[in-house]
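*Asks:* Sharing a structure, written as structure tokens. Questions coming.
The values are calculated or read from the model by the stated rules, or taken from the named source; none is laboratory data. Keep in mind that this is a model prediction, so the values were computed, not measured. Note: ideal-geometry Cβ built from the backbone for every residue, glycine included; neighbour counts use all protein chains shown. With ligands, DNA and RNA removed, areas are computed over all heavy atoms of the protein, side chains included. Shrake-Rupley method; radii C 1.70, N 1.55, O 1.52, S 1.80 Å.
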Amino acid sequence: MVTISDLSKRYGSNPPVLQQINLAIEKGEFISLIGPSGCGKSTLLKLISGLTSASSGSILVDGMTPVNARKTVSYIFQDATLLPWRNVTRNVGLGLELEHVSREARKAKVQSLLELVGLSHVAQAYPRQLSGGMKMRVSVARALATTPRLLLMDEPFGALDEMTRDRLNEELLRLRAEQSWTAVFVTHSVSEAVFLSTRIIVLAPSPGRIAQQIEIDLPFPRTSLTRESERFESYVTEVSRALRGVHSA
Amino acid sequence: MKKHLVTLLNALAVFAALLLLWQGLDVLLHLPPYMLPTPLAVGRAVVARFPSLVASLAITSTEAAGGLAASIVAGVLIALVFAQSRWVRRMLYPYTILLQTVPIVAVAPLILMWVGPGTLSVTIVAFIICLAPIIANTTQGLISVEPNLIHLFLMHNASRLQILTRLRLPHAVPSLFVGIRIAAGISVIGAITGELFAGSSRVGEGGLGYSILYASAQLQTDYLFALVLAATVLGFAFFFLVMFLEWYFLHNWHESARALTDE
């Protein structure tokens, strides 16, 4: 799905943000990028999306350059980035509209998505009337509307309270089970990463590089009960330990 | 709604108190009416010369509204050019500031000389004075779009035109309204300033500015006050019209319009 080889990124003459990244992401994986600030995890996401370009090395998404692959990629930002002048329905339909999907097809698609994420009752509401969690849900629905094969998420739930975040994590996995996209997810939260991922990439800072990869072999479907299991706890411990190693280095 | 009503009543009470004070001043000081007419005398002047007052008001408001409307159209078009690149802004922006700093009383006679006396030249004076705030605010709105929103559009392979029409333009609407609010107030000033120089072809047919000159030359101070009152009312009317339009277009989404709906 994504093949990254010998990737480096530096801005101007500053020391590199990312150095010698090699990573292969298989179809269907849920990858979390975790690491201290300044390790380049958001930069890596921007590189995969083609929003910024590599200084050296290469990235292929579905065998294409990131920019050419955009038709099958969606990006979810740290904040909901909704257009305040559009109601929920028209926000969710934005991507389809930009890609010239016909009005009828758009309407059907948006309606079914709103049902899927439980937003039908606020279809006509404007963003300022929604809570933070709701806004993020709209953002997720908008990203899924264009039926992406790859979903890039940059700390999408970072600003939410823990309960809302947990619930949205569970919903995200439910959506994934129904729609089967591949995901790359940037987060600061160890338990969020363990809960969501099939594989966690621990990045080390200055210069940003892959320090460790940890496969998370917890069975799906994962529910709130998963968080109480012993194996979940031991994965959290393992990832936290890896992060500490990166910090002290 | 009730709160607005209370605010309005308070304002009216202050107004009534001021009128009383003014009327009382006449009793105390016995100023000659051509120095300071009493509110009652002004009221009489309004009633007695109502048709010509309304005629002047109509002329001035047409000129001010025409200048304002033209400045909105031209200002938005110029802002669209400015929004294209930093280079364009660097080259052209100083001239916008020039537009704002040049004293309109000095420019008005020039316009009249070039265009000739009449409604058109007064409208042009109003247009010039309104243009700078529209350009400055709209440009700011067009270029201050959050980078992630641009990224979002890019991720959907949006064209430059799509980014302009579906993102930058709607995003600039609140800023445009800030510009219009400023411009609406000064459009009346611009029109009256223009009229001070434009004069009139026939007596009694000029706008407020012309009539103010005429009344002051004739020492008709009560009518002069009536004209000033009319000019103030016109400014208020413009301001509230813009406020209403702003609320109408933005109450669903923008902070600045919230205060009107939340209470």
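*Asks:* Among (1) open to solvent by 10 Å² or more (accessible area, probe 1.4 Å); (2) touching a residue at least 40 places away in the same chain (Cβ under 8 Å), there is one condition A:VAL101 misses while meeting the rest; what is its number?
*Replies:* Only one criterion in (1) open to solvent by 10 Å² or more (accessible area, probe 1.4 Å); (2) touching a residue at least 40 places away in the same chain (Cβ under 8 Å) is unmet by A:VAL101, namely (2).
*Asks:* Show me the strands (runs of 3 or more DSSP E) found entirely inside the range A:126-236 where at least 2 residues are open to solvent by 40 Å² or more (accessible area, probe 1.4 Å) and either without any contact (Cβ under 8 Å) to a residue 40 or more places away in the chain or farther than 30 Å from A:LEU96 by Cβ (or both).
*Replies:* Details: elements: A:150-154, A:182-186, A:199-204, A:209-215.
Fully inside the range A:126-236 and qualifying: A:209-215.
*Asks:* Any residue at all in the range B:182-194 that's open to solvent by less than 20 Å² (accessible area, probe 1.4 Å), within 30 Å of A:TYR126 (Cα to Cα) and within 14 Å of chain A (Cβ to nearest Cβ)?
*Replies:* Looking only at the range B:182-194, we keep the residues that are open to solvent by less than 20 Å² (accessible area, probe 1.4 Å), and these are B:183-184, B:187-188, B:190-191, B:193-194.
In the following step, the residues that additionally are within 30 Å of A:TYR126 (Cα to Cα) were identified as B:183-184.
In the following step, the residues that additionally are within 14 Å of chain A (Cβ to nearest Cβ) were identified as none.
Looking through the range B:182-194, none of the residues is open to solvent by less than 20 Å² (accessible area, probe 1.4 Å), within 30 Å of A:TYR126 (Cα to Cα) and within 14 Å of chain A (Cβ to nearest Cβ).
*Asks:* Evaluate the following for B:HIS151: is it buried (at least 19 other Cβ atoms within 10 Å of the Cβ) and either within 14 Å of chain A (Cβ to nearest Cβ) or outside any helix (DSSP H, G or I) (or both)? Step through it out loud before you land on a result.
*Replies:* Values: buried (at least 19 other Cβ atoms within 10 Å of the Cβ): no; either within 14 Å of chain A (Cβ to nearest Cβ) or outside any helix (DSSP H, G or I) (or both): yes.
No; evaluated as a whole, the condition is false for this residue.
*Asks:* Let me confirm something: among B:ALA231, B:ALA172, which residue is closer than 22 Å to B:ALA64 by Cα and either under 24 Å from the mean Cα position of the chain (by Cα) or of a type in the set (Val, Ile, Thr) (or both)? Quick ask: steps written out before the conclusion?
*Replies:* Numbers: B:ALA172 fails: closer than 22 Å to B:ALA64 by Cα.
So the residue among B:ALA231, B:ALA172 that is closer than 22 Å to B:ALA64 by Cα and either under 24 Å from the mean Cα position of the chain (by Cα) or of a type in the set (Val, Ile, Thr) (or both) is B:ALA231.
*Asks:* Could you go through the range B:59-68 and let me know if any residue there is in contact (Cβ under 8 Å) with a residue 40 or more places away in the chain, in contact with a Cys (Cβ under 8 Å, 6 or more places away or on another chain) and farther than 16 Å from B:SER175 by Cβ.
*Replies:* Scanning the range B:59-68, I find at least one residue that is in contact (Cβ under 8 Å) with a residue 40 or more places away in the chain, in contact with a Cys (Cβ under 8 Å, 6 or more places away or on another chain) and farther than 16 Å from B:SER175 by Cβ, so the answer is yes.
*Asks:* Here are the criteria: (1) modelled with pLDDT of 90 or more; (2) more than 9 Å from chain B (Cβ to nearest Cβ); (3) in contact with a Gly (Cβ under 9 Å, 6 or more places away or on another chain). Tell me which single one A:ARG142 does not satisfy.
*Replies:* Of the numbered conditions (1) modelled with pLDDT of 90 or more; (2) more than 9 Å from chain B (Cβ to nearest Cβ); (3) in contact with a Gly (Cβ under 9 Å, 6 or more places away or on another chain), the odd one out for A:ARG142 is (2).
*Asks:* In addition: Here is a list of conditions, (1) among the β-branched types (Val, Ile, Thr); (2) open to solvent by 10 Å² or more (accessible area, probe 1.4 Å); (3) touching a helix residue (DSSP H, G or I) at 6+ places or on another chain (Cβ under 6 Å), and A:ILE76 meets all of them except one; can you say which number that is?
*Replies:* With respect to (1) among the β-branched types (Val, Ile, Thr); (2) open to solvent by 10 Å² or more (accessible area, probe 1.4 Å); (3) touching a helix residue (DSSP H, G or I) at 6+ places or on another chain (Cβ under 6 Å), A:ILE76 is out only on (2).
*Asks:* Right, here's the next one. Could you check the range B:60-86 and list, in sequence order, the residues that are within 17 Å of B:THR232 (Cβ to Cβ) and more than 15 Å from the chain's Cα centre (by Cα)?
*Replies:* Across the range B:60-86, there are no qualifying residues.
*Asks:* Additional query: Whether any residue in the range A:15-38 is among the small types (Gly, Ala, Ser), within 17 Å of the chain's Cα centre (by Cα), closer than 19 Å to A:ILE210 by Cα and open to solvent by less than 10 Å² (accessible area, probe 1.4 Å) is what I want to check.
*Replies:* yes
*Asks:* Please determine, by comparing only the residues of the range B:82-95 that are in contact with a Ser or Thr (Cβ under 9 Å, 6 or more places away or on another chain) and open to solvent by 30 Å² or more (accessible area, probe 1.4 Å), which one is modelled with the lowest pLDDT.
*Replies:* Here the answer is B:TYR93.
*Asks:* Does the range B:87-104 contain at least one residue that is closer than 30 Å to A:THR81 by Cβ, free of Cβ contacts under 8 Å to residues at least 40 places away in the same chain and within 12 Å of chain A (Cβ to nearest Cβ)?
*Replies:* Within the range B:87-104, not a single residue is closer than 30 Å to A:THR81 by Cβ, free of Cβ contacts under 8 Å to residues at least 40 places away in the same chain and within 12 Å of chain A (Cβ to nearest Cβ).
*Asks:* Does B:LEU142 count as more than 12 Å from chain A (Cβ to nearest Cβ), in a helix (DSSP H, G or I), out of contact with any Ser or Thr (no Cβ under 9 Å at 6 or more places or on another chain) and farther than 16 Å from A:ARG70 by Cα?
*Replies:* no
*Asks:* So, one more: Taking the condition of being under 23 Å from B:ALA237 (Cβ atoms) and open to solvent by 20 Å² or more (accessible area, probe 1.4 Å), how many residues in the range B:159-176 meet it? Working first, answer last.
*Replies:* Applying the first criterion (under 23 Å from B:ALA237 (Cβ atoms)) to the range B:159-176 yields B:173-174, B:176.
Filter once more, keeping what is open to solvent by 20 Å² or more (accessible area, probe 1.4 Å): B:173, B:176.
Total meeting the criteria: 2.
*Asks:* Give the residue, chosen from B:ILE180, B:ILE129, that is closer than 30 Å to B:PHE240 by Cβ, at pLDDT 95 or above and within 13 Å of the chain's Cα centre (by Cα).
*Replies:* Only one candidate qualifies: B:ILE180.
*Asks:* Can you report the number of residues in the range A:43-97 which are facing chain B (nearest Cβ under 9 Å) and among the polar types (S, T, N, Q)?
*Replies:* Final tally of qualifying residues: 5.
*Asks:* So, one more: Quick check on this structure: which one of B:SER144, B:SER216 is open to solvent by 50 Å² or more (accessible area, probe 1.4 Å), more than 30 Å from B:SER121 (Cβ to Cβ) and among the polar types (S, T, N, Q)?
*Replies:* Being open to solvent by 50 Å² or more (accessible area, probe 1.4 Å), more than 30 Å from B:SER121 (Cβ to Cβ) and among the polar types (S, T, N, Q) holds for just one of B:SER144, B:SER216, which is B:SER144.
*Asks:* Right, another one. Just to be sure, is A:PRO66 without any contact (Cβ under 8 Å) to a residue 24 or more places away in the chain, touching a strand residue (DSSP E or B) at 6+ places or on another chain (Cβ under 8 Å) and not in a helix (DSSP H, G or I)?
*Replies:* Judged against the criteria, A:PRO66 is a match.
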